[in-house]
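Have a look at the structure below before the remarks.
The values are calculated or read from the model by the stated rules, or taken from the named source; none is laboratory data. Given the structure is predicted, the values throughout are model-derived calculations rather than measurements. Cβ atoms come from the backbone with ideal geometry, glycine included; neighbour counts cover every protein chain shown.
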Amino acid sequence: MQEALIEIEKKYNGLVVVKKLAFPLSEITFRATEAVLCVKNFDQRKNMSSLIYKNQGRWRNDRYPESLWKSYAKKSGADLFEWEKCLKEKESSARINKSRDLGLGLGVRATPTFFVGETKMEGSKSIDRLKGVIEGNVLKLKKREGR
């Protein structure tokens, strides 16, 4: 899905902006989000995020998944000292809460949720469905601008 969103953003250069916000629905996913955000380097964070997402089945029901997440941080190339310090000091908590509050204010109740123009799409959608909604909104925008 991530690759498809990048493709969409490129295709509609300037008309579509993809913005990902943290919206953890449980305590464990809140902690997983912290684990990702505590990886400071952008490319390393992308790798960490991918590992966390792909391996949800391994940690979702684990009360103490930090050692597994630490292995992902290491695999991602993160500075483990800084990563552990960030987790211990809860450096990302306020950012996650702010993002979650924004989502709640927008009526988000599920992940993923996509906003395309005034259309809210909840849950996993096919990329073709998402592209169709985007196309419809781009046409509306172009008509409004007289293009």
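Condition check ((1) at pLDDT 85 or above; (2) under 19 Å from the mean Cα position of the chain (by Cα); (3) of a type in the set (A, V, I, L, M)) across all residues:
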| residue | (1), (2), (3) |
| --- | --- |
| Phe81 | yes, no, no |
| Ser93 | yes, yes, no |
| Glu122 | yes, yes, no |
| Lys140 | no, no, no |
| Lys143 | no, no, no |
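Residue-by-condition table, conditions (1) on the phi > 0 side of the Ramachandran plot; (2) of a type in the set (A, V, I, L, M, F, W, C); (3) within 13 Å of the chain's Cα centre (by Cα); (4) in the same structural domain as Glu135 (by TED's automatic domain parsing):
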position	(1), (2), (3), (4)
Ile8	no, yes, no, yes
Thr33	no, no, yes, no
Val39	no, yes, no, no
Gln44	no, no, no, no
Ser50	no, no, yes, no
Arg60	no, no, no, no
Arg63	no, no, no, no
Ser71	no, no, no, no
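For the range 32-43, what are the residues that are under 16 Å from Leu68 (Cα atoms) and free of Cβ contacts under 8 Å to residues at least 40 places away in the same chain?
Listed by number, the residues that qualify are Ala32, Val36.
So that you can scan it fast, the table gives a plain yes or no per residue for (1) of a type in the set (A, V, I, L, M, F, W, C); (2) exposed (fewer than 13 other Cβ atoms within 10 Å of the Cβ); (3) assigned by TED's automatic domain parsing to the domain that holds Ser50:
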{"position": "Phe81", "(1), (2), (3)": "yes, yes, yes"}
{"position": "Ile96", "(1), (2), (3)": "yes, no, yes"}
{"position": "Ser99", "(1), (2), (3)": "no, no, yes"}
{"position": "Leu102", "(1), (2), (3)": "yes, no, yes"}
{"position": "Asp128", "(1), (2), (3)": "no, yes, no"}
{"position": "Ile134", "(1), (2), (3)": "yes, no, no"}
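Just to check your reading of the model, which residue among Ser99, Ser76 is polar (S, T, N, Q) and without any contact (Cβ under 8 Å) to a residue 60 or more places away in the chain?
Working: Ser99 fails: without any contact (Cβ under 8 Å) to a residue 60 or more places away in the chain.
Of the residues listed, the single one that is polar (S, T, N, Q) and without any contact (Cβ under 8 Å) to a residue 60 or more places away in the chain is Ser76.
How about the range 4-31: which of its residues are loosely packed, with under 12 Cβ neighbours inside 10 Å, more than 21 Å from Arg109 (Cβ to Cβ) and either in contact (Cβ under 8 Å) with a residue 40 or more places away in the chain or among the basic types (Lys, Arg) (or both)?
Lys10
If a residue must be surrounded by fewer than 16 Cβ atoms within 10 Å (Cβ to Cβ) and not in a loop (DSSP other than H, G, I, E, B), how many such residues does the range 45-65 contain?
Here the count works out to 7.
Mind checking which residues of the range 89-145 are under 14 Å from Phe23 (Cβ atoms), in a loop (DSSP other than H, G, I, E, B) and not small (Gly, Ala, Ser)?
Residues satisfying the conditions are Leu106, Val108, Arg109, Thr111, Pro112.
Among the residues of the range 110-135, how many are of a type in the set (Lys, Arg) and touching a residue at least 40 places away in the same chain (Cβ under 8 Å)? Lay out the reasoning, then the answer.
Our first condition is that a residue be of a type in the set (Lys, Arg); within the range 110-135, this holds for 120, 125, 129, 131.
From what is left, the residues that are touching a residue at least 40 places away in the same chain (Cβ under 8 Å) are 131.
Total satisfying the criteria: 1.
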